[in-house]
Amino acid sequence: MQLLDGKLLSANIKKEIKIEVENALNKGLRRPKLAAVLVGHDPASQSYVRSKIKSCEQTGFDSDLISLDEDVTQEDLLQIIHRLNTDTLLDGYIVQLPLPAHINDEEIIRAVDPAKDVDGFHPFNMGKLSLGLETFIPATPYGILLMLERYNIKTKGKIAVVLGRSNIVGTPMALLLSRKAAYGNCTVIHTHSATIGLTNICKSADILIAAIGVPEFVKADMVKPGAIVIDVGINRVEDVNAKNGYRLVGDVDFEKVAPKCSFISPVPGGVGLMTVAALLLNTMKSYKQKHHF
Ligand code: GUN
């Protein structure tokens, strides 16, 4: 069994990006810039956004964190989005999800300029993704593709089972793995809460992507010997022995499943860090488009 080391890979990708930024600065160009909009005080969202902003600093990007109260109105949030859309020095931005229940998140995502939508969540960009056209690939599935690529894991002809149909991970992941492209060409089985016979379906997987948000849902009897298991879950479970009262576990029962796998991504230290690296790559892509290189 080999670990898919998101810590190492993301550090390498960030080093590569940093060199690109230095080269751009040497040519007299400004720094790339990413902004993040965070609404409310959800500890997990705060932690993800902090990690995104810190990674900007590490790679030489400018960044802006826009923290808003939980009770911000739809109109005020839309106004901020319009300001970000017209900021000519901003390459891309994200609105951290989930948003509070009183916010219409569909309208918010549609208000983002697709050219700055480095999350790739806008319907225009999602449409392009589903047609196999060039676009911003949502950061988590993009990070998973980078993981496969950097570990030289061939996907062509393999059976990939995707657990979960969120717009952020499961749906784009299933589309990407079935595309006629490098790190695609899989036979994809896309499963969800209404799937019957999940254990047997999972057992057929050469590549199993767990993105359902249920702690340690994938058990050893659901995994084929030699499978590649990618764990997208980041779940906080109570742990009285932990300093902060919780520990992070994935959607996979790592201890039991890992010995059966050829490759497995850990939590923490796996997909989460790749998501941040992929977001930086998307921001760099937008920056390069603006500066025509
Ligand atoms: N919430 C969970 N994952 C993501 C992500 O990749 N982007 C945003 N904006 N919100 C998220």
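The values are calculated or read from the model by the stated rules, or taken from the named source; none is laboratory data. Quick caveat: nothing in here was measured; it's all calculated off a predicted structure. No Cβ is skipped: glycine too gets one built from the backbone with ideal geometry, and neighbour counts run over all protein chains shown.
Some points to look at:
- Qualifying positions in region 258-272 - assigned to a helix (DSSP H, G or I) and touching an Asp or Glu at 6+ places or on another chain (Cβ under 9 Å): Val271
- Test set (1) assigned to a helix (DSSP H, G or I); (2) farther than 24 Å from His292 by Cα; (3) in contact (Cβ under 8 Å) with a residue 24 or more places away in the chain - Leu97 fails condition number: (1)
- Residue match in region 92-106 (condition: more than 16 Å from the ligand (Cβ to nearest atom) and either closer than 24 Å to Val21 by Cβ or among the basic types (Lys, Arg) (or both)): no
- For region 223-248, residues that are loosely packed, with under 11 Cβ neighbours inside 10 Å and in contact (Cβ under 8 Å) with a residue 12 or more places away in the chain total 1.
- Meets criteria (among the aliphatic types (A, V, I, L, M) and either within 29 Å of Ile230 (Cβ to Cβ) or modelled with pLDDT under 95 (or both)) for Ile103: no
- Any hit, region 252-270, residues being β-branched (Val, Ile, Thr), surrounded by fewer than 14 Cβ atoms within 10 Å (Cβ to Cβ), more than 14 Å from the chain's Cα centre (by Cα) and more than 16 Å from the ligand (Cβ to nearest atom): no
- Residue selected from region 69-94 under the condition of a type in the set (A, V, I, L, M, F, W, C) and outside any loop (DSSP other than H, G, I, E, B), by the criterion surrounded by the fewest Cβ atoms within 10 Å (Cβ to Cβ): Leu78
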